[in-house]
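Colleague: Quick one: the structure is below, questions incoming.
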Amino acid sequence: MQTTSSQFDTLSTAPVRPISYAMRVAWERTFDDTKKFFVLDESLLDGGDMLAPSDDNPVQEWDYYTYTNMTDRLVSYETSRSIKFPYSVSSAIASFRLENTDDMMTPGSGAYLADYMLPSRPIRMFAGFNGENLPQFVGLTDGMPTIEHKNKEVSFNATDFLSRIMKLKTPAVIAMQNVRTDEVLDYLFQAAGLTPSQYSLAKGRNEIKFVYFDKDTDIGDIILDLMQAEMGNLFMDESGIIRFVPRIQANQSAAYTLDDSNIVDISVTDSNGIINVVDITASIREVQVKQPLWTLSDSYSDDWVVPASSSKTMWANLDDPALTTTTPTVGTAVSDSYIMATDLTGASVGAVTITSDYLFTNSYQFTVANANAYPIRVSEAEIWGEPAKIVDVINYEKRDTDSVDKYEEQKLSIENNYLQSVGACDSLALTILDSYSEYAGDIEITIKGTPSLQLNDVLEVTKDTFTGDYKVKSITNTIIAGQFRQKILATKYTPHSWFTLEESLLDGTDVLTP
């Protein structure tokens, strides 16, 4: 749950709750460079200065936009978050409607806001009690708004910034060796233009011996595979910070109690899906010592002729991706990258240079410059580097025989090359079986709710036949006509106290971590 005051907690369970909310939009997408931290006895209450953040919630780019308060025009808004197994990436979406009786937002009306009915407007949504509002959503409007002339309203859809990052492509080739999930995410986020203050990454459990992506690879595809192998959770929180948490966490106690006093409706949905067999296939690559990656085999092709006083870009297709390559020398065959050049009669020539080279994951590009007044031919060439070769192929299966006997075989097949050891496969499979090998019907609950609830919070439910702990896997918050409602999808939760070195007792009750 989000951190709240004692007054907020009291009001969240009170019979009469003074709901409050706020909506802000940065229509012009401009930054306010004058913003600074709030200073006691210097800053104005309700002024433009920002409260200093906590250590785990730093000020970041979202805070510096110049926002217009649109609360007085807000007709309704809805935010929604959900965890999607098996990829564990949670993106938030939102929608909101603004009153437009005076045509302030009608294109062509000449009004100030009419020119800003455009895509990608930064927005912030808040909700709380008695003016103590908590952040609910930070993101960008998605596409053009809908101008509803009949009822004089304007409706918008929005997605959080993580959704936008998932649609970006890698700006360059990426090759990394012996890295964890969080280290790859850190590299990807910085490549996408984020600063470290915009994300918080816990230490990952999965270690990858070699990871590589070509330029213009979909970042979303990379992240989905990384998170499937990790089975942690990647999400953008309500304040606009992207967070990664590992799959094994400390025991969680119930954060909120649901009973007759705050449950509006409760029902069982379909099962969370039984999995009692996990089948994993993975190819393991390891970086080798420097060696020949490619040798020119057909120098008589016109592809290897460079016209007089000109340059030509040439390509070497590699059998395996490489971590590094060596720029070729020109003139003499050596035990490293080289090219040899001749004129078209076969006589050796000089005045030939390599002006640029670039390693893609499965190919190598180099440009040969010919300063001679006649064409030359690359007659020999060899490229050396550190290839990442497949050293093993894992075909792994783990099954819960008791569950198979009870429910028949319910298999999950995973093909993911980021799982690079039997131990990593075993850990992932045991975690999945621990959560999914037994029937645990999800419940859908409509509650009076509290804006402080978050994904993965544990709820203590006491209502009719529904008793025990449940973990939130989907949450939708709605503000309409001044009323706050929450719809939650939750799954039965059995807490574990995981064994921690130098903290847990040997032969104690703590469970060994998968």
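Colleague: Checking TRP294 against (1) on the phi < 0 side of the Ramachandran plot; (2) at pLDDT below 90, which single condition isn't satisfied?
Modeller: The one condition TRP294 does not meet is (2).
Colleague: Which of the residues belonging to region 318-359 are more than 15 Å from GLU380 (Cα to Cα), surrounded by 15 or more Cβ atoms within 10 Å (Cβ to Cβ) and among the hydrophobic types (A, V, I, L, M, F, W, C)?
Modeller: The answer is LEU318, ALA322, LEU323, LEU359.
Let's see how each residue does on (1) closer than 26 Å to TRP294 by Cα; (2) within 45 Å of the chain's Cα centre (by Cα):
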{"site": "SER335", "(1), (2)": "yes, yes"}
{"site": "ASP343", "(1), (2)": "yes, no"}
{"site": "SER348", "(1), (2)": "yes, no"}
{"site": "ASP357", "(1), (2)": "yes, yes"}
{"site": "THR367", "(1), (2)": "yes, yes"}
{"site": "LYS398", "(1), (2)": "no, yes"}
{"site": "ASP405", "(1), (2)": "no, yes"}
{"site": "GLN410", "(1), (2)": "no, yes"}
{"site": "ASN417", "(1), (2)": "yes, yes"}
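Colleague: Okay, moving on. Pairs under 7 Å by beta carbon, first residue touching a residue at least 60 places away in the same chain (Cβ under 8 Å) in region 269-298, partner aromatic (Phe, Trp, Tyr) and surrounded by fewer than 15 Cβ atoms within 10 Å (Cβ to Cβ), six or more apart or different chains?
Modeller: SER271/TYR439; ILE274/TYR439
Colleague: Could you tell me which residue of region 23-48 is surrounded by the fewest Cβ atoms within 10 Å (Cβ to Cβ), considering only residues that are at pLDDT 85 or above and in contact with a Lys or Arg (Cβ under 8 Å, 6 or more places away or on another chain)?
Modeller: For region 23-48, the residue satisfying everything is ARG29.
Colleague: Sticking with this one: Given (1) touching a strand residue (DSSP E or B) at 6+ places or on another chain (Cβ under 7 Å); (2) not assigned by TED's automatic domain parsing to the domain that holds TYR256; (3) not in a strand (DSSP E or B), identify the lone condition not met by LYS398.
Modeller: Result: LYS398 fails condition (3) only.
Colleague: If you don't mind, there's one more thing I want to ask. Taking region 374-396, which residues are among the β-branched types (Val, Ile, Thr) and either farther than 19 Å from LEU318 by Cα or over 32 Å from the mean Cα position of the chain (by Cα) (or both)?
Modeller: Scanning region 374-396 gives ILE376, VAL378, ILE383, VAL393, ILE394.
Colleague: Let me ask something additional. Just give me the residues in region 451-475 being over 20 Å from ASP260 (Cα atoms) and either touching a helix residue (DSSP H, G or I) at 6+ places or on another chain (Cβ under 9 Å) or of a type outside the set (D, E, K, R) (or both), in sequence order.
Modeller: Listed by number, the residues that qualify are GLN454, LEU455, ASN456, SER474.
Colleague: Run down GLN198, GLN190 and say which single residue is of a type outside the set (Gly, Ala, Ser), within 18 Å of the chain's Cα centre (by Cα) and within 21 Å of ARG29 (Cβ to Cβ).
Modeller: From the options GLN198, GLN190, the qualifying one is GLN198.
Colleague: Test SER299 against the stated conditions and say whether it is on the phi > 0 side of the Ramachandran plot and either at pLDDT 95 or above or surrounded by 15 or more Cβ atoms within 10 Å (Cβ to Cβ) (or both).
Modeller: no
To keep it simple, each residue is scored yes or no on (1) of a type in the set (A, V, I, L, M); (2) in contact (Cβ under 8 Å) with a residue 24 or more places away in the chain.
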| position | (1), (2) |
| --- | --- |
| ASN151 | no, no |
| PHE161 | no, yes |
| LEU168 | yes, yes |
| ALA175 | yes, yes |
| ARG180 | no, yes |
| LEU185 | yes, yes |
| GLN190 | no, no |
| GLN198 | no, yes |
| LYS203 | no, yes |
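Colleague: Which ones in region 87-105 are more than 17 Å from SER163 (Cα to Cα), touching a helix residue (DSSP H, G or I) at 6+ places or on another chain (Cβ under 6 Å) and surrounded by fewer than 20 Cβ atoms within 10 Å (Cβ to Cβ)?
Modeller: If the condition is that a residue be more than 17 Å from SER163 (Cα to Cα), touching a helix residue (DSSP H, G or I) at 6+ places or on another chain (Cβ under 6 Å) and surrounded by fewer than 20 Cβ atoms within 10 Å (Cβ to Cβ), then GLU99, MET104 are the ones that fit.
Colleague: So how many residues does region 442-459 have that are charged (D, E, K, R), in a strand (DSSP E or B) and surrounded by 16 or more Cβ atoms within 10 Å (Cβ to Cβ)?
Modeller: 1
Colleague: Considering only region 421-441, I want to know if a residue exists there that is modelled with pLDDT of 90 or more and in a strand (DSSP E or B).
Modeller: No, region 421-441 contains no residue that is modelled with pLDDT of 90 or more and in a strand (DSSP E or B).
The values are calculated or read from the model by the stated rules, or taken from the named source; none is laboratory data. The model shown is predicted, which means the values in this text are computed figures rather than measured ones. Ideal geometry is used to build each Cβ from the backbone, glycine not excepted, and the neighbour counts take in all protein chains shown.
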